[in-house]
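Enquirer: Sharing a structure below in structure tokens format, with a few things to ask.
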Amino acid sequence: MSKSRIEVIDNRSWWLQNRWLLLRRTTQISILALFLLGPLAGIWIIKGNLNSSLTLDFLPLTDPFVLLQSWLADHQFGTTAAIGALIVAAFYFLIGGRAYCGWVCPVNIVTDTAYWARRRLGLRGNTKLHRHTRYWLLAASLLLSAITGYVAWEWINPVSILHRGIIFGMGSGWFLILGIFLFDLAVSKRGWCSHLCPMGAFYSLLGSHSTIRIRADNRDACDKCMDCFEVCPEPLVISPALFGKKDGIGPVINEINCTNCGRCIDVCSKEVFHFGTRFDNKDPISPEKAGDGNLTRLNPDQFEHKEATT
Amino acid sequence: MTEGRDSKKKRTGSGKASRRRFISDTAKMGCGVLLAGLGLGAYTRKTSALPVQALRPPGALPENDFLGACIRCGLCVRDCPFDTLKLATLNDDVVIGTPYFTARDIPCEMCDDVPCVAACPTGALDPAITDIDDSRMGLAVLIDEETCLNFQGLRCDVCYRQCPLIEKAITLELRHNQRSGMHTMFIPTVHSDACTGCGKCEQVCVLPEAAIKVLPIAVAKGMSADHYRWGWEEKQEAGGSLVTPDPKHQYNLPEGVDYDLQGEGLIPKKQSIPEPFPEDPLKSLNQGSGDGL
């Protein structure tokens, strides 16, 4: 795919072309490193893992998704966990729910690598999954917790298995992670993170009204090179903001599945995108000249088709 | 023009097709998710049994509640100063991510301040456990009398000596040594009202395979029926027997005879033995005539 595409001439510096990706990887690895400092070097800044942790023996942080399951499993959880979950929920409510996926989750590195390898190897095999499957899986795992009385998703949650495994010992958990890598590589494009993971779905809903958003304020400069769609883990989220001007849609990427990864900012040679807030989402030129109200959306199937034929 | 009309027609046609596809896609997704959910449900049920020799940290809720309460963060593991606790991986038979320990490897050292319970953010380890002596991680059972050295009449006593609650959780009960016929056996005896299941005894047992083991309480303990009453206790409480005493036993023996329970058999009563030669010979004569002869 990438080979057949016409190379976009980009005169920006290497730093500007990779800034957000590097920042993101740095953040992901730093968070892991902070957790690992304790067991490896005896410097206990953060104890625990992503499910629940204690920073500097003072700040509790708890994953609200796992606590919600525990609550549905009819457990009256303690105040420490509740406070921790509130802090985390408030943070992602403001910053953007799926910033968790893009900036914290260790599985993201695995699936991004799988996608990168997929493109490099030119693998086309793609079992199409519905992008809403994750929401159904989210509902299923919550329902299952209520029925079984267990924290159900934790039995197979690759996010916590990987993160906990790296810190506390992985055992044969690597096979599960390898499975996800291979699944994303050869079976389904962006299969796990963008289609199946209920944790991502939970954080999507959590950050549905988040403040920090990517904006396409400079969308008039877009030359439709489609590079952003190529790198975006959730390409559906871009089109309303990027192409919606004639329909009166503002430049803010307001879709809940956006992971705030910022890769679209990196790849856009026309500097269409930048980080901003959800506020002031008005078309700076002519809101009155709004079109007939039909949303301009690119059908995801169009991309799949395009990819398959090129 | 016609082309345009055709394409319009086509579009409406494809609209119908896409609706059909939407429905079939949704159905497929629904079935897939349902299947995945059922599979996950079965998997959680199947794997939720705790191996007998895996012990939960102090204060852990009953296993079924624990699996709904523990969020597998490992904070208890981090605050355990003796590296007793570990989190289960996919290799272990314990539910993945949950804390446990193996007494024979590293037992619970029963810290006074119970740091693992204090570290638990959810209450999966019951915060009501502030005194480690109140915890019940399991129950030690002297499971093999055939190999326990004390049962052979030796004085090993190591489990007893190392018990953090010596003389409460484990006592030595004296018993006659039938083999030698002249010695005493000191039988290590666990008392469930004090044993916390810390596993120290199992760890220190000198045998290659421990004769005393910590088991889950549900496995180790029987249960007395609610309506059972121990007569001797009731008697003591009431200050006397609560049932009508048996009537004094009556033997239907011939008159003038006693029965000896020690094997002598019938013993004539002394009074009834006629004196062979009374001082007054006339008296015996009179006696004989009194018998109706």
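Enquirer: Tally time: how many residues in segment B:93-112 are more than 16 Å from B:Cys163 (Cα to Cα) and either crowded, with 18+ Cβ neighbours inside 10 Å or of a type in the set (Val, Ile, Thr) (or both)?
Expert: Qualifying residue count, segment B:93-112: 9.
Enquirer: Of the residues that sit in segment B:36-62 and are touching a residue at least 60 places away in the same chain (Cβ under 8 Å) and outside any loop (DSSP other than H, G, I, E, B), which one is farthest from the other protein chains (Cβ to nearest Cβ)?
Expert: Of everything passing the filter in segment B:36-62, B:Leu55 is farthest from the other protein chains (Cβ to nearest Cβ).
Enquirer: Got a sec? Which of A:Ser160, A:Ser204 is in contact (Cβ under 8 Å) with a residue 24 or more places away in the chain, within 13 Å of chain B (Cβ to nearest Cβ) and in a helix (DSSP H, G or I)?
Expert: Values: A:Ser204 fails: within 13 Å of chain B (Cβ to nearest Cβ).
Just one listed residue meets the conditions, A:Ser160.
Enquirer: Exactly one of (1) crowded, with 22+ Cβ neighbours inside 10 Å; (2) more than 10 Å from chain B (Cβ to nearest Cβ) is unmet by A:Gly84. Its number?
Expert: Going through (1) crowded, with 22+ Cβ neighbours inside 10 Å; (2) more than 10 Å from chain B (Cβ to nearest Cβ) one by one, A:Gly84 breaks only (2).
Enquirer: Spot the failing condition for B:Met110; the list is (1) over 25 Å from A:Gly78 (Cα atoms); (2) more than 8 Å from chain A (Cβ to nearest Cβ); (3) of a type in the set (A, V, I, L, M), and only one is missed.
Expert: Here B:Met110 meets the rest and fails (1).
Enquirer: Could you list, in sequence order, all residues of segment A:141-153 that are facing another protein chain (nearest Cβ under 7 Å) and either assigned to a loop (DSSP other than H, G, I, E, B) or within 15 Å of A:Cys105 (Cβ to Cβ) (or both)?
Expert: Hits for segment A:141-153 are A:Gly149, A:Tyr150, A:Val151.
Enquirer: Here is a list: A:Ser53, A:Ser70. Which entry is touching a strand residue (DSSP E or B) at 6+ places or on another chain (Cβ under 6 Å) and either closer than 20 Å to A:Gly165 by Cα or within 12 Å of chain B (Cβ to nearest Cβ) (or both)?
Expert: Details: A:Ser70 fails: touching a strand residue (DSSP E or B) at 6+ places or on another chain (Cβ under 6 Å).
Of the residues listed, the single one that is touching a strand residue (DSSP E or B) at 6+ places or on another chain (Cβ under 6 Å) and either closer than 20 Å to A:Gly165 by Cα or within 12 Å of chain B (Cβ to nearest Cβ) (or both) is A:Ser53.
Enquirer: Scan segment A:263-285 residue by residue and report those that are closer than 21 Å to A:Ala201 by Cβ and modelled with pLDDT of 85 or more.
Expert: The one that is closer than 21 Å to A:Ala201 by Cβ and modelled with pLDDT of 85 or more: A:Arg263.
Enquirer: Can you spot a residue in segment A:87-96 that is within 14 Å of chain B (Cβ to nearest Cβ) and in contact with a strand residue (DSSP E or B) (Cβ under 7 Å, 6 or more places away or on another chain)? Give the steps one after another, and end with the answer.
Expert: Taking segment A:87-96 first, the residues within 14 Å of chain B (Cβ to nearest Cβ) are A:87-88.
Next, from what is left, pick out any that are in contact with a strand residue (DSSP E or B) (Cβ under 7 Å, 6 or more places away or on another chain): A:87-88.
Yes, there is a match, as at least one residue in segment A:87-96 is within 14 Å of chain B (Cβ to nearest Cβ) and in contact with a strand residue (DSSP E or B) (Cβ under 7 Å, 6 or more places away or on another chain).
Enquirer: Would you check if A:Asp63 is loosely packed, with under 14 Cβ neighbours inside 10 Å, out of contact with any Pro (no Cβ under 6 Å at 6 or more places or on another chain), within 14 Å of another protein chain (Cβ to nearest Cβ) and of a type in the set (D, E, K, R)? Show your work before the answer.
Expert: On the way: loosely packed, with under 14 Cβ neighbours inside 10 Å: no; out of contact with any Pro (no Cβ under 6 Å at 6 or more places or on another chain): yes; within 14 Å of another protein chain (Cβ to nearest Cβ): yes; of a type in the set (D, E, K, R): yes.
Taking the combined requirement at face value, the residue does not satisfy it.
Enquirer: Considering only residues that are modelled with pLDDT under 90 and among the acidic types (Asp, Glu), which ones fall in segment A:36-68?
Expert: The one that is modelled with pLDDT under 90 and among the acidic types (Asp, Glu): A:Asp57.
Enquirer: Could I ask something else about it? Quick check on my filter: what residues within segment A:166-175 are at the interface with another protein chain (Cβ under 7 Å from one of its Cβ atoms) and either part of a helix (DSSP H, G or I) or β-branched (Val, Ile, Thr) (or both)? Don't jump to the end; show me each part of the working.
Expert: Start the filter on segment A:166-175 by keeping residues that are at the interface with another protein chain (Cβ under 7 Å from one of its Cβ atoms), which leaves A:168-173.
Of everything in segment A:166-175, those that are at the interface with another protein chain (Cβ under 7 Å from one of its Cβ atoms) and either part of a helix (DSSP H, G or I) or β-branched (Val, Ile, Thr) (or both) turn out to be A:Phe168, A:Gly173.
Enquirer: Okay, moving on. For segment B:117-134, give me each residue that is facing another protein chain (nearest Cβ under 8 Å) and either in a loop (DSSP other than H, G, I, E, B) or not hydrophobic (A, V, I, L, M, F, W, C) (or both). Please lay out each step first, then the result.
Expert: Residues of segment B:117-134 facing another protein chain (nearest Cβ under 8 Å): B:119-124, B:127.
Within segment B:117-134, B:Cys120, B:Pro121, B:Thr122, B:Gly123, B:Ala124, B:Pro127 meet the criteria.
Enquirer: Tell me yes or no: at least one residue of segment B:89-99 is among the acidic types (Asp, Glu), more than 10 Å from chain A (Cβ to nearest Cβ) and either more than 17 Å from B:Val117 (Cα to Cα) or not in a loop (DSSP other than H, G, I, E, B) (or both). Explain how you work it out, then say what you get.
Expert: Filtering segment B:89-99 for residues among the acidic types (Asp, Glu) gives B:92-93.
Right, trim to more than 10 Å from chain A (Cβ to nearest Cβ) and you get B:93.
Checking the rest, the ones that are also either more than 17 Å from B:Val117 (Cα to Cα) or not in a loop (DSSP other than H, G, I, E, B) (or both) come to B:93.
Yes, there is a match, as at least one residue in segment B:89-99 is among the acidic types (Asp, Glu), more than 10 Å from chain A (Cβ to nearest Cβ) and either more than 17 Å from B:Val117 (Cα to Cα) or not in a loop (DSSP other than H, G, I, E, B) (or both).
The values are calculated or read from the model by the stated rules, or taken from the named source; none is laboratory data. Please read these numbers as outputs of a predicted model, since none were measured by experiment. Using ideal geometry, Cβ is built from the backbone for each residue, glycine included, and neighbour counts are taken over all protein chains shown.
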